[in-house]
Amino acid sequence: MYPLPKEDKQVSPYFVFYLIHSMQVGVGILGFERIIAQSARQNAWIAVIIAGIIMIGLVFLSYRILNRGKNDIVAIHHDVFGKWIGGMFSLYFILYYAILVLVILRTYEEVIQVWVFPDVGAWVFLLIILLIAYYYVIGGFRVVTGISFLGVIYGLPLLLVMYFPLKNGHLGNLLPLFDVTFRELYEATKGMTLNFLGFEVLFMFYPFIKKATKSEKWAYFAVIFSTFIYLVTLLVTFVYFSQEQLKTTIWATLSLWKIVDLTIIERFEYVGICIWFFVILPNICIGLWCASRGMHRLFSIRQKTSLRFICLLVLLSALFFRDRQLVDTLNDIVSQIGLYTIYFYIPFLYVVQMIMKRWKKT
Amino acid sequence: MIIHRRSKKSKKSARDAEKESETKNLLEIDDLLHQCKMSADFISFRYSEDSEYYIHYFKSIINPDILHEFILPFLRDAQSGDTLFMIQEKVSIDSTKIVKDLETVRDSLLTGAVLVQQKGNVEEALMIPAVAIEKRSVSMPEVEYSVVGPKEAFVESLDANLNLIRKRLPIPELIVKELKVGRLTKTRVAVIYIKEVANEENANTMYQRIEDIDFDNIIDSSFITQIITDSSSSFFPQMIDTERPDRVAGVLSEGKIAVLVDGSPHALTGPTPLVEFFSAFEDYFLSWHLASAFRLIRLFAVFFSVVSTPLYVAVMTFHYEMIPQNLLNPLIASRSGVPFPPILEAIILELTIELLREAGARLPTKIGQTIGIVGGIVIGTAAVQAGLTSNVLLIIVALAALASFTTPVYQMGNVIRLIRFPFLLSAQFYGLLGVTFTFALILGHLLKLTSLGRPYLAPVYPLRLVDLKDALFRLPMYSQKERPIQMRSHVPQRFSMKHHKKRNLDIEE
């Protein structure tokens, strides 16, 4: 009922690294510092590491589920819960992927509006970006993987510009070390979750990986690398901004780019936002691909049709979030949904699948 | 039952058709000769009144020396009663044949054979090849000129071109498959590859695609490229069109497939990834440090050529705060009197350069140079002095044009010429972001493209680290011991490392 993809549509195992990493580093990184510094202050970096470790555990669970099911989430749901309940859960996952796309798209739009083009209507960029993403997804999973790979490569030079804030930073901002309560760390880790969301796309593209069971280590590398990127960004931000400043800086990473002082370019953040587009684009493409693929599998419709439908859905709902407050609310809601999905649903699915497997055997 | 009956019927009709074609044949060789006689250059005669042999040929395509020395004497001396077969035995020319089939008669008559018929035997004809082909001698490469290295270029004759390749690869594994394409032109097309080294699948794809061509005239190899290309909606060339036999020999030994077309001084090679369009064959004649540096410079030049003017427009129109203070002065000074917005200014200058190029390309070399000087210096300076454009933009546009000439493959140069206009327009609409969006679209397009079914962006995506040794840069010869993975060669090893290993010697050892 749920056939596996042909071999010429599959990609090599190591691409899992780029797929997961590019999905985890998205818009969140442009402004996550303020949110986690609210609770854990200068020690929020501990929360990043903790969140990273938890993510590794969740990836481990996901791989156990997928290796046992040997197919994507739609087929696994069907096997475990049957047609109707499984279908409901699959639908939830499809909507979840779609809402991830919505958050990323709308937040990036917000960045463009605030930083580059305050006077251009939001729909213009939403439409353009969605059209570009549509063009990529139409090309299939290999093209989507391609942009996620290139996106990671293009994004890397931006790490170099961290040199400028470091040059002007105060290492003392990081002190005192470990002056943090468990409660504060818990809050910060929770806040960090939204940034690490996205590895769940693994559930959809798993059958598209050649020798998928061997790709597990790449997924861990991806999480570790994402954690590293977040950690570096956070530390540099803390070194440059004091905690008081950080409270009023919404886009801390973006503000860091402003400090960059090159002889031929002033206001580096314009360049940064443009390069960042290539980090955002894979996010949107992978999300759209997963959602459309899910619908294609669940409802047996053409993937092109479901892709158009989801693009339209995302565009229309993105138009609904008009101002900063609404976008913030959206981010909070998705953070909550994501939190429950990865912290509760994945372990739940793992246990139920195990029980069903044993039960079916006997 | 029905099937059985039908098969019987079809057998019967087949036999009928055979008979029919036989009688048709009788008529049609004669018909063919009649039709040919309408042309003034068709000659038809008997050696003497009592000779039994009729000789027919197109005098425009046969070599009269062969006719006079090797054919006519035998026909003169032939005894009456000698069959065509006996004549064939006497004539000391290779690949003569006695043919009944009209198709073959027509084809060989029209490709330079002398037709001999015996009186009373209209069914058969002796075809003696005596073709004379006008061709120019092998000359210097003009499009892909190189300072060092071989200075031979292909000519318009397929056989001469094959000679240039085969003398560089004297191995029996070099396979040349020939076929005829084009309803009217009947162009000879040769698919060349090295057995085992090249992937059969690639060779078959190429052969199949050429075989499937249904077109009336194939004048040049570029016709073939356009017809068999993977994506005809793409403006990126997907196969290299080279005039250098050394380059063809080089890529053949890498496991690629080459195509030669009679009447075209170019060879097509594929599968070709994007980076190969930026590698000149001269790179292999230089030391690897230089070659790598030049390749990187070329890639940078391409990037610069495409985005520099759009960036100027974007920054001048939307993001003027990006200009640092020390740069602001010269920019203001040069732009203050210009009456146009940056986009108009840029388009005017870009179009001027395009005009110059187009005019220069269509004119004889000597006049072309004059045009270049008149256009480049006079118009440029005059435009600035008249205050129509800014000095800075003039510099940028001229540099961009210069940079676009660095691409070693001509078609790619054309693409780069054209590609900056969408960038310019998008820069006018949404500044840097517009440029980014256009870049994303082109990147998506490149990701989807294939060349003979192989990914176009390789070895960057799919990432093949080993293949990078000869892509963006070129590593030393001893590191090139494997053929590109991209080619899926059956013999990936190019040479053994036995003689290339360096011993780790101590000082003064």
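Taking the convex hull of the alpha carbon atoms in the range B:316-378, what volume per residue do you get, in Å³? Before the final figure, lay out each step's value.
Details: hull volume 6.9 nm³, N = 63.
Taking the convex hull of the Cα positions in the range B:316-378, it is 109 Å³ per residue.
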Partner aspartates and glutamates for B:Lys448 [C-alpha distance under 19 Å; skip if fewer than 8 residues away on the same chain]
A:Glu7, A:Asp8, B:Asp230, B:Glu276
The alpha-carbon center of the range B:342-384 and that of the range A:60-128 are separated, in whole Å, by 52
The range A:7-52 and the range B:146-170 have their Cα centres apart by a whole-number Å value of 56
At 222 nm, what helix-only mean residue ellipticity would chain B give, in deg cm²/dmol to the nearest 500, using -39500 (n - 2.57) for each DSSP H run of four or more?
-14500 deg cm²/dmol
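If the viscosity is 1.002 mPa s and the temperature 20 °C, what translational diffusion coefficient in µm²/s does Stokes-Einstein give for the protein assembly as shown when Rh comes from Kirkwood over Cα pairs? Don't skip to the end; give the middle numbers.
Working: Rh = 32.5 Å.
D = 66 µm²/s.
To the nearest 500 deg cm²/dmol, what mean residue ellipticity at 222 nm is calculated for chain A from DSSP H runs of n ≥ 4 alone, each contributing -39,500 (n - 2.57), summed and divided by the residues? It would help to have the intermediate numbers written out before the result.
Numbers: 18 runs with 264 residues, N = 362.
Rounded to the nearest 500, it is -24000 deg cm²/dmol.
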Taking Cα pairs under 8 Å and at least six residues apart, what relative contact order does chain B come out at, in percent?
13
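Just checking the output field for A:268-280: average partner chain Cβ neighbours within 10 Å of each residue's Cβ?
Numbers: counts 1, 1, 9, 4, 0, 3, 9, 2, 1, 6, 4, 0, 0.
That average works out to 3.
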Loop only by DSSP, 16 or fewer other Cβ within 10 Å of the Cβ. Give me the chymotrypsin sites (Phe, Trp or Tyr not before Pro) in the range B:390-495 that pass, ordered by residue number.
B:Phe405, B:Phe495
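Report the equivalent ellipsoid semi-axes for chain A in whole Å, largest first, defined as the square roots of five times the eigenvalues of the gyration tensor built from alpha carbon atoms. Walk me through the numbers on the way to the answer.
Numbers: eigenvalues 232, 114, 67 Å².
Rounded to whole Å, the semi-axes are 34, 24, 18.
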Along Cα→Cβ, 7 Å out, is where each label goes; now give me the distance between the ones at A:Leu177 and A:Val352 in nm to one decimal.
4.5
What do you get for the angle between helix A:216-240 and the principal long axis of chain A? Use alpha-carbon atoms, 0 to 90 degrees, nearest ten.
20
Going residue by residue through the range B:180-197, the Karplus relation 6.51 cos²θ - 1.76 cosθ + 1.60 with θ = phi - 60° gives ³J(HN,Hα) values, rounded to whole Hz and with x marking Gly or Pro, of 10, 10, x, 5, 8, 7, 6, 5, 7, 10, 10, 9, 10, 7, 9, 4, 6, 5
Search the structure for amide H atoms under 5 Å from the amide H of B:Ala458, placed 1.01 Å from N in the peptide plane, and list their residues when 5 or more places away or on another chain.
B:Leu274
How many nm separate the modelled label positions at B:Phe85 and B:Asp50, each set 7 Å beyond the Cα in the direction of the Cβ?
2.7
Once both axes come from the Cα atoms, what is the angle between helix A:15-24 and the longest principal axis of chain A, in degrees from 0 to 90, rounded to 10?
60
Run the numbers on the range A:13-361 and let me know its relative contact order in percent, using alpha-carbon pairs under 8 Å that are six or more apart.
40
Out of A:Leu61, A:Leu171, A:Leu100, any idea which swings most in a Gaussian network model of chain A, alpha carbons joined below 10 Å?
A:Leu171
Amide H contacts under 5 Å for B:Phe58, restricted to residues at least 5 apart in sequence or on another chain and with H modeled in the peptide plane, are B:Ile43
Give the separation of the Cα centroids, the range A:134-168 to the range B:436-509, in Å.
22
Under Karplus coefficients 6.51, -1.76 and 1.60, residue-wise ³J(HN,Hα) of the range A:95-107 in Hz, glycine/proline x:
5, 5, 4, 5, 6, 4, 4, 4, 4, 4, 4, 5, 5
To the nearest 10 degrees, the tilt of helix B:325-335 (Cα long axis) against the first principal axis of the alpha carbons of chain B is 60
Label model pair B:Val148, B:Val122: point-to-point distance (7 angstrom along the Cα→beta-carbon line) in nm is 6.9
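Evaluate peptide B:313-320: per residue, the Cβ atoms of other protein chains within 10 Å of its Cβ; return the mean as an integer. Write down the numbers at each step before the final one.
Details: counts 0, 2, 2, 0, 0, 3, 6, 2.
Rounded to a whole number, the mean comes out at 2.
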Working from the alpha-carbon coordinates of the range B:397-498, get Rg over Rh, Rh being the Kirkwood radius.
1.09
Taking placed amide H atoms and a strict 5 Å upper bound, the residues 5 or more places from B:Ile194 or on another chain that come that close are B:Ile175
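Determine the shielding of peptide A:10-20 by partner chains: average, over its residues, the number of Cβ atoms on other chains within 10 angstrom of each Cβ.
Working: counts 0, 1, 3, 0, 2, 3, 0, 0, 2, 0, 0.
If you average over the peptide's residues, the count of other-chain Cβ atoms is 1.
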Under the definition of Cα pairs under 8 Å and six or more residues apart, what whole-number percent is the relative contact order of the range A:41-197?
46
In terms of Cα to Cα distance under 21 Å, which lysines are near enough to B:Lys167, apart from those fewer than 8 places away along the same chain?
B:Lys135, B:Lys151, B:Lys177, B:Lys195, B:Lys256
Counting pairs of Cα atoms in chain B, how many percent are more than 41 Å apart?
43
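No value in this document is a laboratory result; all are computed from the given coordinates. Since the model is a prediction, treat every value here as computed from it, not as a measurement. All Cβ positions, even for glycine, are placed from backbone atoms using ideal geometry, and neighbour counts span all protein chains on display.
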